[in-house]
Amino acid sequence: MTKKYTNADGKIPTQYLPPKFSLTIRVLVGAYVIYLSYGLIDGVVGGEGRDKYFLGAFMIAFAVIGLLLLFFSGRDLLQGKYVGGAMDAGDGEAEAPVIDAAEAEKQVRTVAAGSDIEETVERQGSSEMAAESEEADS
């Protein structure tokens, strides 16, 4: 989190914080990616030709990504940078956007146009069914 999200108390508004569960999942995913990186060691040591370099590159990439996930998510979890944690300013959720009168009028017209289309389709369907029944009667 950057300084622009903190308030005068040094706390962060709730709308900018992840849930605690999300941070916990990130820590677990980071640990798993590090485990996957460790599992690639056999391929690097016993690999032949280009496979050795290919697996080595992925091993390094997985290790770096896993460590970054583990470090940053673990730090935020320990510092309480989650909803309901020590760094939560408690401002509540983000406010819903206010719809002005012109936007509301546009939405009403759209709904009305949609219902007119449905009525037209129903009328066309009933006239086609009537024509089919007349053909069947003759």
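Overview of values
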{"item": "Cβ-Cβ FRET estimate between residue 25 and residue 54, R0 fixed at 35 Å, reported to 0.05", "result": "0.75"}
{"item": "Residue 64 paired with residue 86, simple spin-label distance in nm, labels 7 Å along Cα-to-beta-carbon", "result": "3.2"}
{"item": "Along principal axes, Cα extents of segment 31-70, largest first, whole Å", "result": "32, 13, 8"}
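FYI, it's all coordinate maths here, none of it is from the lab. The shown structure was predicted, so the numbers you read here are calculated from the model rather than taken from an experiment. Note that each Cβ is placed from the backbone with ideal geometry, even for glycine, and that neighbours are counted across all protein chains shown.
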